[in-house]
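The numbers here are math on the coordinates, done by the rules we state, and not lab data. Everything numeric in this text was worked out from a predicted model, so none of it was measured. Note that each Cβ is placed from the backbone with ideal geometry, even for glycine, and that neighbours are counted across all protein chains shown.
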Amino acid sequence: MEISAMKALLQQHYGMDVSVQALDGYEERNYLLKDSAGQQYICKVGNAGGDLHLLDVQIKTLAHLANSPVSAGFQQVKPNVRGEAITAIPAGYMRVLTFLPGKIWVEAPAHTPALWNSLGSFLGRMDKALQDFAHPAAYRIYSWDLRNALAAREHLGAIKDHERRRMVAYFLLQFETEIVPQLSQLRMAVIHNDANDYNLLVHGEAVTGLIDFGDMVYSQLVNNVAVACTYAMLHQSDPLAAAARVVAGYHKEWPLTSAEISCLYYLVAARLCISVTNSAKQAAAGSNNSFHFITEKGAWTLLYQLIKINPLAAEDAFRIAAGLPSLINASDDYQPLLEERKQHIGRNLSISYRQPLKIWKGALQYLYDKKGRTYIDCVNNVSHVGHCHPTVVAAIQRQAARLNTNTRYLYDDLVAYAKELTATLPGELKVCYFTNSGSEANDLAIRMSRHFTKQKDVIVLDHAYHGTSTVAMELSPYKFDGKGGFGKPPHTHKAVNPDLYRGEFRYGQENAGAAYAEDVAHIIARLSAEGKGVAAFICETLLGVGGQIPLPAGYLEKVYQHVRAAGGVCIADEVQVGFGRVGSCFWGFELQEVVPDIVVLGKPIGNGHPLAAVVTTPAIAEAFNNGMEYFNTFGGNPVSMATGRAVLKAIQEEEMQQHALDTGAHFLEGLKQLMQKHPIIGDVRGHGLFIGAELVRSRETLEPAVPEIDVVVEKMKDRGFLISTDGPLHNVLKIKPPLVFNKENADALLAHLDTVLGEFSYPGN
C-alpha cells in the first residue's frame, strides 16, 4: 500500500497525523508511525479474508495482560475513532498498537546468561498471568503448534539435500515415539507460541517486551518454553547452556513439571523441523519473502548441533537448571548389571572397552550413552544407513502392525524384494534364499555348493571369518586357529592371505594378485592328487577380520578361473562390504571385475534387523532343489522383506553409494596425510567407507604396535569416537561407519587421532 494512502486511512479512522515507514512482515504488512510529539505506534494491515476471530484473541490477550503485573512488557491496542480495536478498510483490516522500545533479540550486542535467564523469567511471568485466560479462537489446528509437528512430514520432499532431509525425518520420528504418547499428560494453556528472535525486545541484559501474538494457540504449556529455548539456542557455540538458563528463569516464575522438562529436547527439535520444512516448502513454491527464510540457516546449524547432544544430557541440564535431581551418575561402573550379565549371559560374549559403555539410543551416525555422552559410531557397519533411519523404522513399524508370518503364504514383498535385490547384481545371480544372519547364509551357501558339485572340500583364506554356525566356524581360521579353537577340519583348506603390506608379494609388485592366486591352484592340485575335487572357494571380497585388506587387482579373476576349472563354485561373502560401502561399486566383488556363482549377504541388508540372503544362479538353485524341502521359519518373513526393501530404497534414493565414495576418498586422503606425520601408521588402505590403518612400531620390521593400538582405541573412545581393531596381529584400526557418516565426522576423527598418535614415538621411525 502506498504511504500516502496509509496516512489518509490513519487520519480518517484514527484522527492521527503521523509519518509512516514500511517495515518487514511475515504475513501482515507492518508500518512504523510517529506523530509530531515523537510518540510512536505500530500499524498492522492484513489482507481481506483474514480470520477476525484470531485478531480478536490477540486483542483480548493484550487486554488481559494489561491488567496483570506484567503489563509493561506488551503492546496495547489503540482504538479507532469509533472505539473499535479492528478497522475494516478496502484492502482488508488494520490495527494500531502502542510502540515498545528496545532492540530486538537478534540485534542485541551480546547474548549473556543473564539475558537468557531474563527471557525465561519474562515468559514465566507472562504464562502465569495467562493461566486463567481462554478464548474460543485459540482452539485451532495450526501448523506452527508443536503438537502438530508431524504434519511437517508432508513437506519433507521439498528438502533436496539427503542428509538434511534424513535428519529432519529422524527428529520427527523421535517426536512421534517420544513425545506424542506424553502429550495428553502435559498441562494445556493459551500460549504466545512464537517468542522468536524478532519478536523479543531487550534492553541491556533484560528482556523488556514481546510482540506479535499472531501464532497464539491453545496447546501444551511447555511448547511456549520450547519455542523460546529454540531461538535462544540459535547461533550459540553452547546451545544447551543457553536453553538451560531460559529454563531456570522460567521455572523460578512458573514451575515446570518433570514430564514437561523431559520433553523439551525433542520439542526444540520439532520447532526446528517445522521451520526448515516450511522454508523448503516456501522455496519450492517460489517465495521471495525474506521472512520465510530469515532463520533457515541458523535453524539448520542448530539441528546439526542438537543431534550431537545426548537427549539424556539435555534433559539432565534442564532438570538441574530447575533445581531437580540429576538423572546421570557419572561414576556408575555398571557393576550390578555386569554381575547379572555374568550370571545369565554366556561369559564368552565379550564387551568392548575397558570401561563398558551403556548405549541407550542411536541417531544416524551417533550413539548416546547413559552418562550423557555422545559418540560418533565409526565402526558399526550393521547400521548401514544409520541408526534408527526413519524410513526403515517406519517400514518395520507398518509391517509389524499389519502382519508377520512365514513364507508358506503368498505376499508381494517377498518376490518384490527378490526382484529389487537381484536387479543390483550382474549375470545369472537371479535366485534368492532369505535367512536370518550372515552365518546362516554362509552355511546355506556351502550346503548348496556341495549339492551342486557333489564335493565336500572348501578353500578359504587364512585368518578368514564367516560366522558362528558349525559349518561357518569350520570355514573360519580366525576361530578354529584361535584361542579355544578346534583346529582346521580336514575338508577345509587355507589359502594364503593376499596381503600386499605383509605378504610375500607386496605393493608395487607386478601381477601380485595372480601370484597370490597360485596358492589356490596349488591347493586344488593337491586335492586332485588325493582324488578329491573342490566344492567351493569362499572369501570376503574385502577382507575384514583378515586386516581390512582390499584384494590385489586380478586376484579373484585368477582364483575363479582355477576353481571353476576344477568344477568348484565361487562364493563371494559380501556380509561386511556390500550394498555400496566401497563407493565405486555396489558390491565388493565388482572391484575385481568378476561375477561369483553365489553371493552371501548379511549385516547391512537389514540395517540391524535380523536379515540375510543367499543369491545364486538358476542352475545351482535347481541342483539344490533335489526333493528335500528348504524351509526357514523366519527367513523372508513379511517384516524382514519390508525392512530389506526400505534399506535398499534408502541407499538408492539417498545416493549413499556416491556419499561413501566421496566421504571415503576424503577420509583416506586425511589418513594418508597423518601417515606422513606419524610413523606409527604403517599402512592405510580401503575403498569407500571400508578403511583400515595398520599401526606398527617400526616401518622396517613391521613390528605390530600392540598394545599401543588398544591405547589409541580407548583414548579415541574417551574423545567420542568408537573405533575398533582387526587383523591377525590385532594391530589394524577398523573403520566401517554407517554410510551417513560425513566429512565433518571424518575431519573430527582425524583431528583427534592426530593428537592421540602424537603421544607415541619410536626411535628410528
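Data for the structure
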| item | result |
| --- | --- |
| Contact order relative to length of the chain, as percent, for alpha carbon pairs under 8 angstrom and 6 or more apart | 11 |
| Globularity ratio of the stretch 353-405, using Cα Rg and 2.2 N^0.38 Å | 1.40 |
| Under Karplus coefficients 6.51, -1.76 and 1.60, residue-wise ³J(HN,Hα) of the stretch 519-535 in Hz, glycine/proline x | 5, 5, 4, 5, 4, 4, 5, 5, 4, 4, 5, 8, x, 10, x, 10, 7 |
| Crossing angle, helix 656-677 versus the chain [Cα axis fit, 0-90 degrees, rounded to tens] | 80 |
| Considering only the chain, percent of DSSP beta bridges that pair antiparallel, nearest 5 | 80 |
| Burial order of peptide ranges 484-492, 173-181 (average beta-carbon count within 10 Å, highest first) | 173-181, 484-492 |
| Label corresponding to P(r) over Cα pairs in 20 Å bins from 0, in percent when calculated from the structure given, among [x] 14, 41, 35, 9, 1; [y] 15, 39, 27, 15, 4, 0; [z] 17, 53, 29, 2 | [y] |
| Reach of LYS532 by Cα under 22 Å, taken over lysines that are not fewer than 8 positions away in the same chain | LYS454, LYS456, LYS488, LYS494, LYS558 |
| Whole-Hz couplings from phi, Karplus 6.51/-1.76/1.60, listed for the stretch 348-365; x for Gly and Pro | 8, 8, 7, 10, 6, 6, 5, 9, x, 9, 10, 8, 10, 7, x, 9, 6, 9 |
| Ranking of LYS558, LYS308, LYS358 by count of other Cβ atoms within 10 Å, fewest first | LYS358, LYS308, LYS558 |
| Cα-based helix-to-principal-axis angle, 743-757 vs the chain, degrees rounded to 10 | 70 |
| Packing-based order for 330-342, 45-57, using average beta carbon neighbours within 10 Å, highest first | 45-57, 330-342 |
| Percentage relative contact order, the stretch 103-321, counting C-alpha pairs under 8 Å, at least six apart | 30 |
| In order through the stretch 219-235: 3J(HN,Hα) via Karplus (6.51 cos²θ - 1.76 cosθ + 1.60), integer Hz, x for Gly, Pro | 7, 5, 4, 5, 4, 5, 5, 4, 4, 4, 4, 4, 6, 5, 7, 4, 6 |
| Hits among lysines - C-alpha to C-alpha of LYS44 under 28 Å, sequence gap 8 or more where chains match | LYS7, LYS34, LYS60, LYS78, LYS103, LYS128, LYS281, LYS297 |
| Burial ranking of peptide ranges 585-598, 410-423 (average Cβ count within 10 Å, highest at the top) | 585-598, 410-423 |
| Degrees between helix 113-129 axis and first principal axis of the chain (Cα, 0 to 90, nearest 10) | 60 |
| Residue order, fewest to most beta carbons within 10 Å, for VAL471, VAL534 | VAL471, VAL534 |
| Residues with amide H under 5 Å from that of ASP683, placed H, sequence gap 5 or more | GLU694 |
| Relative contact order (%) - criterion: Cα under 8 Å, at least six apart; region: the stretch 646-744 | 25 |
| Taking TYR478, TYR304 and counting other C-beta atoms within 10 Å, the order from fewest to most | TYR304, TYR478 |
| Helical mean residue ellipticity (222 nm; -39500 (n - 2.57) per DSSP H run of 4+; nearest 500) of the chain | -12000 deg cm²/dmol |
| Rounded Å value of the spacing that divides the Cα centres of the stretch 717-742 and the stretch 25-65 | 59 |
